[in-house]
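A short worksheet on the structure shown next.
Quick note: the coordinates plus some simple rules give every number you see, no bench work behind them. All of these numbers come straight from a predicted model, not from anything done at the bench. Here the Cβ positions follow ideal geometry from the backbone for every residue, glycine too, while neighbour counts run over all protein chains shown.
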Amino acid sequence: MSNDTKIYISYNQVHEMIKNAVARYRIGQEFQPDLIIAIGGGGFIPSRILRTFIKRQGNKNILIQAIGLSLYEDIHDISDNSAVALAKAANQVIKTQWLSFGPPVATTLVGKNILIVDEVDDTRTTLSYAVQELRKDIAEQEKKFIKEHPGKKVPETRLGIFVLHNKKKEKKMQLPDESIVRAGRYWAAAETEDRWIVYPWEAIDIEEHTQKSMANKIV
Ligand code: 5GP
């Protein structure tokens, strides 16, 4: 008998999971995202597939922006520089890539429905850090909006979260923006046990990986 406790997910299963979740939670109709923020690298492929299913007929493609976040444990090979030391002391997450707010690309957050996408919510550290940092940027942009549009009401900016898998376990961190959960804007395509999940984009032998994924039941 095999000791392999990992869960293998195929590309087709990722695709089906996203399709089913978008329909089940009516993400396109209810939340109507204007902007997708993909947390790299696991959020990249799910983000692109999501866009296919939440695209509204006749509307423009939803913009996908990428951010890079790493748990400091995963990046200790880049030597103990100050950024890593800081991450270790603070949230244990480090930004390796972030949004651009100035030329040539100026990402506007204020007034948008922003969907943050990652492949898995494990300890919730990464998602909680992403929300915290985005909220800081939104607050900055709101200040600028008030300055530039005196007397005008600041349009509401709403954050949502989509993950392929949420591991059912006690989380190390809570989301700093409570409205996400309160308003039902946290969506997991599947809830899983606390086991390691292997995604198809990590596979070396995709045929073998796909074979191992056959045992899964997709929701
Ligand atoms: P968290 O911050 O929620 O603990 O973990 C977030 C990151 O850890 C994920 O974006 C992912 O890169 C990595 N991770 C956590 N659990 C798993 C897993 O079961 N499989 C894979 N492939 N990555 C995981």
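Odds and ends about this structure:
- Take 158-167, 59-68, 26-35 and order them by the average number of nearby Cβ atoms within 10 Å per residue, most first; the result is 158-167, 26-35, 59-68.
- q = 0.10, 0.13 Å⁻¹: log10 I(q)/I(0) that the Debye formula gives for the chain, counting C-alpha atoms only: -0.49, -0.81
- Calculated FRET efficiency, ASP205 to LEU63, Cβ-Cβ distance, R0 = 30 Å: about 0.30 to the nearest 0.05.
- Greater than 28 Å apart at Cα, pairs in LYS95/LYS153; LYS95/LYS169; LYS60/LYS153: LYS95/LYS153
- Whichever lysines have a C-alpha closer than 23 Å to that of LYS152, once near sequence neighbours (fewer than 8 apart) are set aside: LYS112, LYS136, LYS143, LYS144
- Each peptide in 13-19, 118-124 gets a packing score, the mean of other Cβ atoms within 10 Å over its residues, and the list from highest to lowest is 118-124, 13-19.
- Hypothetical label at GLU140: residues of the stretch 111-131 whose amide nitrogen lies under 13 Å (7 Å Cα-Cβ projection): none
- Neighbour-limited loop hits for GluC sites (Glu not before Pro), the stretch 145-219 (at most 13 other Cβ within 10 Å; DSSP other than H, G, I, E, B): GLU156, GLU170, GLU178, GLU193
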